[in-house]
1. Just want to confirm a number: the relative contact order over segment 210-323, from Cα pairs under 8 angstrom separated by 6+ residues, in percent.
2. With unit charges on the beta carbons (Lys and Arg positive, Asp and Glu negative) and the dipole taken about the Cα centre of the chain, which residue among Gly103, Leu267, Leu325 sits farthest to the positive side?
3. Placing +1 on the Cβ of each Lys and Arg and -1 on the Cβ of each Asp and Glu in the chain, which of Met218, Gly114, Ala242 has its Cα farthest towards the positive end of the resulting dipole?
4. Apply the Karplus parameterisation 6.51 cos²θ - 1.76 cosθ + 1.60, with θ equal to phi minus 60°, to every residue of segment 272-278 and state each ³J(HN,Hα) to the nearest whole Hz, in sequence, with x for glycine and proline.
5. Calculate how large, on average over all directions, the projected area of the Cα convex hull of the chain is; give the answer in nm² to one decimal.
6. Please give the per residue accessible area of segment 1-140, computed with a probe of 1.4 Å over protein heavy atoms only, in Å².
7. Restricting to DSSP H runs of at least four residues, report the calculated mean residue ellipticity at 222 nm for the chain, -39500 (n - 2.57) per run over all residues, nearest 500 deg cm²/dmol.
8. Positive end of the charge dipole of the chain (Lys, Arg +1 and Asp, Glu -1 on Cβ, about the Cα centre): tell me which of Ser172, Gly196, Pro46 has its Cα farthest that way.
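The values are calculated or read from the model by the stated rules, or taken from the named source; none is laboratory data. Values in this document were obtained by computation on a predicted structure and should not be read as measured data. Counting neighbours? That spans all protein chains shown, and the Cβs are built from the backbone with ideal geometry, glycine included. These area figures cover heavy atoms from the full protein model, side chains too; ligands, DNA and RNA do not enter into them. Shrake-Rupley method; radii C 1.70, N 1.55, O 1.52, S 1.80 Å.
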Amino acid sequence: MNSTNLAQSRHGGIDTLRGLACILLLVLHVVGEQATNGLRVPDDHPLAMFTAVFFHLRMPLFAMLSGFVYAYRPPTREVSGQFVTGKMRRVGLPFLFVTTIYGVANTLLGAGYGVPWGEFWQIYVSAYAYLWFLQAVLILFLVIGALDLIFPKARLQVATGFLAVTSALFLSDIGRGIEWMSFDRTLYLAPFFALGVFLNRFEGEATRGVKTAFLSSMALLGTIHFIGVFADPSAVIERRDAMALGLGLTASGSLILFRNVLNFAPLAWIGRFSFGIYLYHMFPVMALLAVYKIMGFPDPWLGLVIGATAGLPLSIAAEIIARSLGPVMPWLPALTLGLKVSGKEKRRHETAPASV
């Protein structure tokens, strides 16, 4: 098996999980996080309950996949500077670009995330719209990268300690409500990111008992959460409590542990464009919802179908176009996706998944 086929076999399950996370996120943003946005469905509508059921999987899975893939290529002292500049390019540049155009579009159109021009700078230093994830994951990359540089011979111990500390912070009152640099959201993502790193480094020692424990815990906590959603669809789901931590860790962890048997080509293909989907899916969704509002909010199931069929292809097309124009406009994939266009970079992206 050549290196490309080996990489595809090794990472097909990861791309499948990325594709799943993208679809869950797209459904959430089309349906709406609350009855006052998106398709404006009430809390007891099946679509609203569907998004509530998967509340503890969507962003934890994204974060855990980022941590898991990071662990394939942690920084060394020889390339520590390249690691920092690489992450700033890969995550920071698209964050600045997409945050700007999304903020301008919302402000000009008077949409939900519009910001007074005098306060526009705040969108870059606070949890803004769906883009807070990029701020949070960039901070986590830099923190775990620093720890791996300080303790280069204790990678598993670093991951274990990071998981323990971040889990404790998750359950504490530290950072709650602090939106500056998405601090609250960073602490929310941190234990899931940490478990991704840990599972990558521990996997060689993983036993059938470990996988069984994850599955059993997920089944128990998932059942409790499922019953709670259907018993009281309007109840507020807490982002940082014991249920959120336990179910987020066990559900996402189970999917990663069993990723090789979950490899599904159509989802894996979507997952290859996960970063572009995350960055740009809200633009067609925002256009859809504007038209949907003008139409007087017809059947929400139709809205979901239209939103999904618009959001996925258009955001994937945006990434494909940016990549294809790279040879003649090298600044375009760098600005829009954080990518280089050198031959070396092309080969690396063909044979290994990106860290976001």
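1. So the answer I get is 27 percent.
2. Of Gly103, Leu267, Leu325, it is Leu325.
3. Going by the charge dipole, the pick is Met218.
4. 4, 10, 4, 5, x, 4, 4
5. 18.6 nm²
6. 41 Å²
7. The helix contribution divided over the chain gives -22000 deg cm²/dmol.
8. Gly196
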